[in-house]
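Below you'll find the structure, written out as structure tokens, and then a few comments.
The values are calculated or read from the model by the stated rules, or taken from the named source; none is laboratory data. From a predicted model like this one, the values you see are computed outputs, not experimental measurements. Note that we place each Cβ from the backbone using ideal geometry, even for glycine, and neighbour counts take in every protein chain shown. Note: areas computed on protein heavy atoms with side chains; ligands, DNA, RNA excluded. Shrake-Rupley method; radii C 1.70, N 1.55, O 1.52, S 1.80 Å.
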Amino acid sequence: MSILNRTSVAVLGVPFDNVTMDEAVDLIEDQLQENRFHQVATANVDFLMHSIRDPELQEILCSCDLVVPDGMPIVWAARMMGVALKERVSGVDLVPRLADLSARGGYGIFLLGASEDSSRRAAESMKQRFPGVRIVGRYSPPISSLDAMDHEDILARIELARPDILLVAMGNPKQEKWLNMHRDRLEVPICMGVGGSLDFLAGTTSRAPAWMQNAGFEWLHRLFQEPGRLTKRYLNDARGLARHLPSQLATSAVQPRKPVSSALQAYDIGSSLVVVLGGDIRMPLLGEFDQLMAEINQERRHTILDMSSTAYLGPDALGSLIRWSMQMHRSGLHLWLAGAPAHVRRVMRSALLDHCFSTAASVADAAYRIERTESMLPGELIAARSVSREARDSASVQLEILQGLCKRVGTSAKQAEFSFGRLRSRVSPGRAPAAP
């Protein structure tokens, strides 16, 4: 399942992939074939509340390769905003599916975190339920803060085991931050924070009856099991939803609903491509937008989204913008949002995403900022963007870039400034966008 066949729905600053359980497993299986790190998050309401207070966590969740909605309140919130998430995809159900995937495909699993007893019993449960599952390692580090952990010892254990799937049971936000902290060193295709899922597999915590799960009341069953630990958490989560969700619901609902033709247009400005998002940004236009952005990313073009004529921006459009912003950032490309009208800015602000994008008052301003930034980069870095991924990752290219940077130490202040007049000479006032 490619990025073009997926949609995301932004709820309170977090983009949730709109996938079923089967689609999530298929996507993970595809990612297992790619030789790079992928972070998967099973986010519930508690994740949302942590991310509202913690910008670092929000950025991590926005940059994850897959975020599934592990909570019915998230599904209900998306539905109230007019975009239905297909289903709840819980971590406690996804972990056994990964064990089954391991048994069928021979993928190695490493269990990190939880207590030694829960980890051992969870591994035994997987082996009993899924004959052939490959548990290549387990480790329950001493309980400590993220700063006090022996990271080198943990990374060495994982490297020695060479797993394909790493399940981290440290609780949120610690597990998500630990994975993000080591994303450049973890040579593991699938890394997922699983919270208390290993305790469920081990049998130390029981699941709610099926009817409670289907009705969205599994939280109530857990509250009866662990009232001392969960009462305060659930109350805080409920207060957080009551405080923040109505604003996103209201601003999404009161956007202008005038009949406006929706269309994409694109034209060049300097070294960047301007994409005009006109009218209502929803399906099927959103699908066309995703296709266009994939082509732009492949061509490695800096991009400015002209939102001055955007009439409606739904939570699925916000999810798409987050996904492409992070994708282009990984590719070393600029993505700017320009000229957004007041109601669009309110939608972004109420969705807690206004600080997640590079924004400018106009297309010309965004183009100037891109040109100014690019003109101040060392030539070696600009050249490195145009070569293949294999060449960029090679030691020889990295060494050449480093040598070039060393030669420029002390001379960066002499870089020529980009002239705004030069930009104006490229774009005449009132120029109409060319047809795509």
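Checking the stated criteria, A311 turns out to be out of contact with any helix residue (DSSP H, G or I) (no Cβ under 8 Å at 6 or more places or on another chain), open to solvent by 10 Å² or more (accessible area, probe 1.4 Å) and not polar (S, T, N, Q).
Please specify each residue of the stretch 257-270 satisfying the condition of being in contact (Cβ under 8 Å) with a residue 60 or more places away in the chain and open to solvent by 50 Å² or more (accessible area, probe 1.4 Å).
Passing the criteria: only Q265.
Of all residues in the stretch 353-374, those being more than 17 Å from the chain's Cα centre (by Cα), polar (S, T, N, Q) and not in a helix (DSSP H, G or I) number 2. No other residue among E288, E295, E226 is more than 30 Å from N172 (Cβ to Cβ), open to solvent by 30 Å² or more (accessible area, probe 1.4 Å) and without any contact (Cβ under 8 Å) to a residue 24 or more places away in the chain apart from E295. F110 meets each of the listed conditions (1) touching a residue at least 60 places away in the same chain (Cβ under 8 Å); (2) under 30 Å from R346 (Cβ atoms); (3) surrounded by 18 or more Cβ atoms within 10 Å (Cβ to Cβ) apart from (2).
Quick grid of which residues meet (1) polar (S, T, N, Q); (2) closer than 25 Å to D316 by Cα:
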position	(1), (2)
A78	no, yes
L85	no, yes
E116	no, no
S145	yes, no
I154	no, no
R157	no, no
A169	no, no
M181	no, no
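Do we have L98 as surrounded by 18 or more Cβ atoms within 10 Å (Cβ to Cβ) and in contact (Cβ under 8 Å) with a residue 60 or more places away in the chain here? It is true that L98 is surrounded by 18 or more Cβ atoms within 10 Å (Cβ to Cβ) and in contact (Cβ under 8 Å) with a residue 60 or more places away in the chain.
Just one of (1) surrounded by fewer than 19 Cβ atoms within 10 Å (Cβ to Cβ); (2) not in a helix (DSSP H, G or I) fails for Q39. It is (1). When we screen E23, E56 for residues that are part of a helix (DSSP H, G or I), within 24 Å of L292 (Cα to Cα) and open to solvent by 10 Å² or more (accessible area, probe 1.4 Å), the only hit is E23. Just one residue in the set S90, S118 is crowded, with 22+ Cβ neighbours inside 10 Å and within 14 Å of V194 (Cα to Cα); that residue is S118. Within the stretch 107-120, the set of residues being in contact with a strand residue (DSSP E or B) (Cβ under 9 Å, 6 or more places away or on another chain) and assigned to a helix (DSSP H, G or I) comprises E116, S118, S119, R120. Note on the stretch 330-370: residues that are surrounded by 15 or more Cβ atoms within 10 Å (Cβ to Cβ), hydroxyl-bearing (S, T, Y) and over 30 Å from D184 (Cβ atoms) amount to 2.
The number of residues in the stretch 59-95 that are part of a loop (DSSP other than H, G, I, E, B), acidic (D, E) and in contact (Cβ under 8 Å) with a residue 60 or more places away in the chain comes to 1. Going by the structure shown, is D316 out of contact with any helix residue (DSSP H, G or I) (no Cβ under 8 Å at 6 or more places or on another chain), buried (at least 20 other Cβ atoms within 10 Å of the Cβ) and either of a type outside the set (S, T, N, Q) or in a loop (DSSP other than H, G, I, E, B) (or both)? It is false that D316 is out of contact with any helix residue (DSSP H, G or I) (no Cβ under 8 Å at 6 or more places or on another chain), buried (at least 20 other Cβ atoms within 10 Å of the Cβ) and either of a type outside the set (S, T, N, Q) or in a loop (DSSP other than H, G, I, E, B) (or both). In this structure, R104 does not qualify as crowded, with 19+ Cβ neighbours inside 10 Å and either charged (D, E, K, R) or assigned to a loop (DSSP other than H, G, I, E, B) (or both). Of all residues assigned to the stretch 244-253, none qualifies as being in contact with a Lys or Arg (Cβ under 8 Å, 6 or more places away or on another chain), open to solvent by less than 40 Å² (accessible area, probe 1.4 Å) and not polar (S, T, N, Q). Answer with yes or no whether Y234 is surrounded by 14 or more Cβ atoms within 10 Å (Cβ to Cβ) and part of a helix (DSSP H, G or I). In short, yes. Is at least one residue of the stretch 154-169 closer than 22 Å to D54 by Cα and open to solvent by 40 Å² or more (accessible area, probe 1.4 Å)? No, every residue in the stretch 154-169 fails to be closer than 22 Å to D54 by Cα and open to solvent by 40 Å² or more (accessible area, probe 1.4 Å). The conditions of being free of Cβ contacts under 8 Å to residues at least 60 places away in the same chain, assigned to a helix (DSSP H, G or I), open to solvent by less than 40 Å² (accessible area, probe 1.4 Å) and farther than 30 Å from R349 by Cβ are not met by L201. In the stretch 131-151, the residues that are over 16 Å from E176 (Cβ atoms) and surrounded by 15 or more Cβ atoms within 10 Å (Cβ to Cβ) reach residues that are aromatic (F, W, Y) and modelled with pLDDT of 95 or more with C-beta atoms within less than 8 angstrom, at least six apart or across chains, in these pairs: R134/Y107; I135/F110; V136/F110; G137/F110; R138/F110; Y139/F110.
Taking the conditions (1) in a helix (DSSP H, G or I); (2) open to solvent by less than 60 Å² (accessible area, probe 1.4 Å) in turn, M192 satisfies each one other than (1).
Would you be able to say whether some residue in the stretch 140-154 is within 30 Å of S320 (Cβ to Cβ), at pLDDT 95 or above and touching a strand residue (DSSP E or B) at 6+ places or on another chain (Cβ under 7 Å)? Steps first, answer last, please.
At the first step, the residues of the stretch 140-154 found to be within 30 Å of S320 (Cβ to Cβ) are none.
Scanning the stretch 140-154 turns up no residue that is within 30 Å of S320 (Cβ to Cβ), at pLDDT 95 or above and touching a strand residue (DSSP E or B) at 6+ places or on another chain (Cβ under 7 Å).
Residue count for the stretch 170-188 under the criterion of being among the acidic types (D, E) and in a helix (DSSP H, G or I): the result is 1.
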